[in-house]
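The values are calculated or read from the model by the stated rules, or taken from the named source; none is laboratory data. As the structure is a prediction and not an experimental result, all values here were calculated from the model. Every residue, glycine among them, receives a Cβ derived from its backbone with ideal geometry; neighbour counts consider all protein chains shown.
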Amino acid sequence: MASSEKKPLPSPGEWETHKDDICKLYPLMKLEDLMKFMESKGLYATQAIYKKKFRDWGLRKYVSAAQALEADEKKRRLEEEGHAADEIVISSGIAVPSSKIQRHVKRHKTAASLATGMTATGTLAPSLGMNRALQDVNNYGVMPGIAARTLESTAAFQNLGFGGSHTSQGSAYPTMTVVGTQTPQVFQQRSMLRFDQLTPENTVMHPSLEAVMPVRTEPELLMTEPSDDSWLDLFLLQPDPINSVVNAPSPGTGVRPHRQSSGSRHTAPGRQPIHQAAQNGHLSIVKALLRARPNCCDLKGQFGETPLFLASQEGHIDVARVLLDAEADPSIQVPKNGRGPIHQASQGGHLTVVQLLLERGADPDSHNGQQVSPLWLAAQGGHEAIAKLLLSKGADPNFQAVDVNRGPLHQAAQGGHLEVVDLLLKHKAKVDVMEEDKATPFWLACQEGHLKVAQLLIDAGANVNARTSNWGRHPIHQAAQNGHTDIVQLLVDNNALIDAGEDDNVTALWLACQQGHRDIAEILLRNNANPNNMATESRRSPLHQAAQNGHADVMRLLIEHGGKVNNVEISGWPPLMLACQQGHLGVVELLIERQADIHIEEKDGATALWLASQQGHVEIVRLLLIKGAKQTATRSTGRRPIHQAAQNGHLEVVKLLKQFGGGIDAPCKGDEVTKQITPLWLASQGGHEDVVLYLLEHGAEAVIRT
């Protein structure tokens, strides 16, 4: 907007002042209307900056699963009647853009598959909501709605994933402690739906969905507009025990316990005795049932599963053979996901079952409702012998799953399955085939740190600078961020672009410094990476990232290679201010030693001393005062370091500041009622008795004089 372009960018203090209003209005109006309203209150910013703030604050617009389905149904009815509408207004009054309804439904189906796989296998499947929670942790040190133990239960979140924004900015105001570690960006893997992970009492059918969709006790939430980090929507395809038995056996017996049909996935309504016997491998019972009812071999369960499907899924070769001898049809597929016996056997690694099914007429290149072939599933699981068998029978090595346009080579490369990758390449798999977001098999191998796979793909002609369509990342970005030193060296040796910037001009060095990967930073700097490159929007350099996260060894390396210690980012913060706010004493000492300016003020006038005092970092405050830091006030509120220390109860900091000339009765701006307040007023408000007593003992006025 023209008006916002002519105005200076808001300071952190101005954002904090208006945050409550923005958060209340955000769900109720369009961004353009919100911006106009806030301009009337004196807050001017571009759409890009607003969106960045929304991400930093964890704001998302949601509709529930039920609302999405209602919108989809209403849209369908309108179209049948010959009407069209840009927005579908549902019963709750929410207007859902017509063009985005199917995206919501698809996202919900994917989330449902993930949630189901997590419930059935006891593992935590990553989700877009989880990445948002991770970003909230990294930006604010809190996790709204998700317990911290959730993150601890999956190692994938410790080294992978990039839900955080590049501009995670600490506020210069009290009560906002910014942790600062930003989450790595990564394509995640989605668990493929297994039909018996759904129980009959929590499912619902919808004509627009390709699979059975669970109804959650807490409704799945769907965004009314695409996510700014929409490339994280690619949930694919973590090899997990999809073909393992959901019903756990009794310890030491190998026998699955019987459960009542109301809760058992193996006794769902619609299943017959032969389904149970086939899935559990009870050969003699299967034979007895076939003798009693010869035509029961192709009976379908609740979801269309046959006894042969279940036996193949579990790898029961003898049961499968008996069923086939009884003329069971190996081509019958589950209607809602299109999987047949050969899909289940291929994914589960059951070679002898796959051989048997092929001998009895199963299609080696069958494509199910999700357009996943047996070869695709075998490649994902690293089942070389099955992949070789399927290829020998004519399976297409280049067939790509429709949802994300991924082929078998993507899956094998991401999983680090070297032998399968080699096998696929020998059968003419396209080396630089791109999936939905243009990630290649090589890109995925570099992200995951699979050195031998990456080398093999380079030997086959892979493009080392392949760039994704979302965020514009190269393989070197992923390898640098995830700490894969050997991959980075391989890329450098093969002429990768060292200073290639992604869409926000973030480089591999920037990411390595953010994560503290010194060896990678050294490789890149040795090959002339720019230590002062700044991200376009945040204006942060590698030094800012290293300072915020306390990586003193990385900072020393950057400075030795020409890193500028006094460069400021978009809000006027040099690296020193970030280090002071986060309490990284070693980094502060290094920066001061290398001539960092301790007097730099950010846009509202806060200094390194101001931030350290607010956070209570006693030794940093002491060091800055000894070095001559001034106790200056911010422009918007007139607050000095002693106000911040008093408000937050940092007694030792208050003592230091007074010792170095901090006025214990220094006034600052109050609210509409109390126009002027003091450190004593703030300490009293916060209930910090020790600070109150200290200030009174040293002459602070108990009554403010105006």
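Out of Gly649, Gly563, Gly605, Gly661, one residue alone is in a loop (DSSP other than H, G, I, E, B), of a type outside the set (Lys, Arg) and within 18 Å of Gly13 (Cβ to Cβ). It is Gly605. Just to be sure before I move on: is Arg473 crowded, with 22+ Cβ neighbours inside 10 Å, at pLDDT below 95 and part of a loop (DSSP other than H, G, I, E, B) in the structure I sent? Answer is yes for this residue. Being under 26 Å from Ile600 (Cβ atoms), in contact with a Ser or Thr (Cβ under 7 Å, 6 or more places away or on another chain) and modelled with pLDDT of 95 or more holds for only one residue in Asn549, Asn505, Asn566, and it is Asn549.
Looking across region 414-439, the residues that are within 25 Å of Asp499 (Cα to Cα) and either small (Gly, Ala, Ser) or modelled with pLDDT of 95 or more (or both) come down to Gln414, Val431, Ala439. Filtered by the rule that a residue be polar (S, T, N, Q), buried (at least 20 other Cβ atoms within 10 Å of the Cβ) and in a loop (DSSP other than H, G, I, E, B), region 566-593 gives a lone residue, Ser571.
Residue by residue, here is whether (1) of a type in the set (S, T, N, Q); (2) in contact with a Pro (Cβ under 8 Å, 6 or more places away or on another chain) holds:
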{"residue": "Gly281", "(1), (2)": "no, no"}
{"residue": "Lys300", "(1), (2)": "no, no"}
{"residue": "Glu305", "(1), (2)": "no, no"}
{"residue": "Ser312", "(1), (2)": "yes, yes"}
{"residue": "Asp318", "(1), (2)": "no, no"}
{"residue": "Asp329", "(1), (2)": "no, no"}
{"residue": "Gly338", "(1), (2)": "no, no"}
{"residue": "Pro341", "(1), (2)": "no, yes"}
{"residue": "Arg360", "(1), (2)": "no, yes"}
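Evaluate region 19-37: report whether one residue or more is among the β-branched types (Val, Ile, Thr), modelled with pLDDT of 80 or more, outside any loop (DSSP other than H, G, I, E, B) and under 29 Å from the mean Cα position of the chain (by Cα).
There is at least one residue in region 19-37 that is among the β-branched types (Val, Ile, Thr), modelled with pLDDT of 80 or more, outside any loop (DSSP other than H, G, I, E, B) and under 29 Å from the mean Cα position of the chain (by Cα).
Scan region 594-607 and tell me whether some residue there is buried (at least 19 other Cβ atoms within 10 Å of the Cβ), touching a Phe, Trp or Tyr at 6+ places or on another chain (Cβ under 6 Å) and closer than 16 Å to Asn566 by Cα. Scanning region 594-607 turns up at least one residue that is buried (at least 19 other Cβ atoms within 10 Å of the Cβ), touching a Phe, Trp or Tyr at 6+ places or on another chain (Cβ under 6 Å) and closer than 16 Å to Asn566 by Cα. Filtered by the rule that a residue be surrounded by fewer than 24 Cβ atoms within 10 Å (Cβ to Cβ) and part of a loop (DSSP other than H, G, I, E, B), region 476-495 gives Gly483, Asn494, Asn495. Of the residues that make up region 638-647, is at least one surrounded by fewer than 21 Cβ atoms within 10 Å (Cβ to Cβ) and out of contact with any Cys (no Cβ under 9 Å at 6 or more places or on another chain)? No; the residues of region 638-647 include none that is surrounded by fewer than 21 Cβ atoms within 10 Å (Cβ to Cβ) and out of contact with any Cys (no Cβ under 9 Å at 6 or more places or on another chain).
So, of the residues in region 609-646 that are in a helix (DSSP H, G or I) and touching a Pro at 6+ places or on another chain (Cβ under 7 Å), which turns out to be nearest to Gln676 (Cα to Cα)?
So the residue we want is His643.
Restricting attention to region 664-690, the residues that are under 22 Å from Ser636 (Cβ atoms) and either part of a helix (DSSP H, G or I) or in contact (Cβ under 8 Å) with a residue 60 or more places away in the chain (or both) total 7.
Only one residue in Leu657, Leu624, Leu651 is touching a residue at least 40 places away in the same chain (Cβ under 8 Å) and in contact with a Cys (Cβ under 9 Å, 6 or more places away or on another chain). Which one? Before the answer, list the steps.
Working: Leu657 fails: in contact with a Cys (Cβ under 9 Å, 6 or more places away or on another chain); Leu651 fails: in contact with a Cys (Cβ under 9 Å, 6 or more places away or on another chain).
That would be Leu624, the only listed residue that is touching a residue at least 40 places away in the same chain (Cβ under 8 Å) and in contact with a Cys (Cβ under 9 Å, 6 or more places away or on another chain).
No other residue among Ala552, Ala547 is surrounded by 21 or more Cβ atoms within 10 Å (Cβ to Cβ), small (Gly, Ala, Ser), without any contact (Cβ under 8 Å) to a residue 60 or more places away in the chain and more than 12 Å from Trp510 (Cβ to Cβ) apart from Ala547. Filtered by the rule that a residue be surrounded by fewer than 23 Cβ atoms within 10 Å (Cβ to Cβ) and hydroxyl-bearing (Ser, Thr, Tyr), region 342-365 gives a lone residue, Thr352.
Only residues that are part of a helix (DSSP H, G or I) and surrounded by fewer than 14 Cβ atoms within 10 Å (Cβ to Cβ) were counted across region 691-706, and they come to 2.
Which one of these is surrounded by fewer than 20 Cβ atoms within 10 Å (Cβ to Cβ), in contact (Cβ under 8 Å) with a residue 40 or more places away in the chain, among the acidic types (Asp, Glu) and outside any helix (DSSP H, G or I): Asp437, Asp499, Asp432?
When all the criteria are applied, what remains is Asp437.
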